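Colleague: Quick one: structure below, then a few questions.
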Amino acid sequence: MSCQSMSTNSDGSPTKDLVDPKYSLAKDRSEFEQLRESIPSNTRRANDEKAFTAEIMGAVKYEPDVVRDKMNHLVQKKRELFNKDMTKKREEFNKNERKNREQFTKQLEEERKDFSGRKADREKRASFYDDQDEKRREFSAEQKDKRESFEADVREERKNFEDYLKEKNDEFQVELKQYRLRWNEKNKTESQ
């Protein structure tokens, strides 16, 4: 299990995946899923990643540059998927934030209309508007905290994704180096 695939609680028990499984650099092996149900999901994903690497590098039939291009293409697709999902997540957060702000503004407006329909002395009026101002400040502070928390989560998720890709790329580069040696050896023997 890689350090990017799983995080742990302080007591050592596993928590959630750091990188969503759909961004995993693995070939879709859904046909075998029923046979593999008894295997833990993290082990299955790691095996899928190894199977993908073995598939493109097992038999020395492609030029190393072609193998590298296949990997780069897969990484690009996963990065696009990740970015698309992050965009959806941000749009959803913005939509909810806007909806909450509009509801809050509408509620304050209704309170003001209700209050302005009544007779009130200067002291009560000042107190009412001070309360409204305080509610507005609290709401804004709460919204700001939620936004900061959301942005921190997004940054962490992106960092985990980038760390995962770097880890997988480093592993791939080691494998590619070995593949390149086998490719060169194969070409030497064929040319003799």
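Read the figures in this text as sums done on the coordinates, not as results from a lab. Note that this is a predicted model, so its numbers are computed, not measured. Cβ sites come from the backbone with ideal geometry, for glycine too, and all protein chains shown count toward neighbours.
Colleague: Sort Tyr179, Tyr62 so the one with the fewest other Cβ atoms within 10 Å of its own Cβ comes first.
Modeller: Tyr62, Tyr179
Colleague: Something else about it: ³J(HN,Hα) across region 144-156 via Karplus (A = 6.51, B = -1.76, C = 1.60, θ = phi - 60°), whole Hz, x for Gly/Pro?
Modeller: Karplus-based 3J(HN,Hα) across region 144-156 equals 5, 4, 4, 5, 4, 5, 4, 4, 5, 4, 5, 4, 5 Hz.
Colleague: Shifting gears a bit: What value in Å³ per residue do you get for the convex hull of the alpha-carbon atoms in region 21-191?
Modeller: Convex hull of Cα atoms, per residue: 149 Å³.
Colleague: Let me ask something else. Size of region 78-172 along its principal axes in angstrom, Cα-based, largest extent first?
Modeller: That works out to 76, 18, 7 Å along the principal axes.
Colleague: Given a Förster distance of 41 angstrom, what is the FRET efficiency for Gln178 paired with Glu97, based on the Cβ-Cβ distance and rounded to 0.05?
Modeller: Computed FRET efficiency for Gln178 and Glu97: 0.25.
Colleague: Across region 114-192, how many lysine pairs separated by 8 or more positions, or lying on different chains, have Cα atoms within less than 29 Å?
Modeller: 13
Colleague: What is the packing order of peptides 120-128, 75-83, taking the mean over residues of other C-beta atoms within 10 Å and listing the highest first?
Modeller: With the highest mean Cβ count within 10 Å placed first, the list reads 75-83, 120-128.
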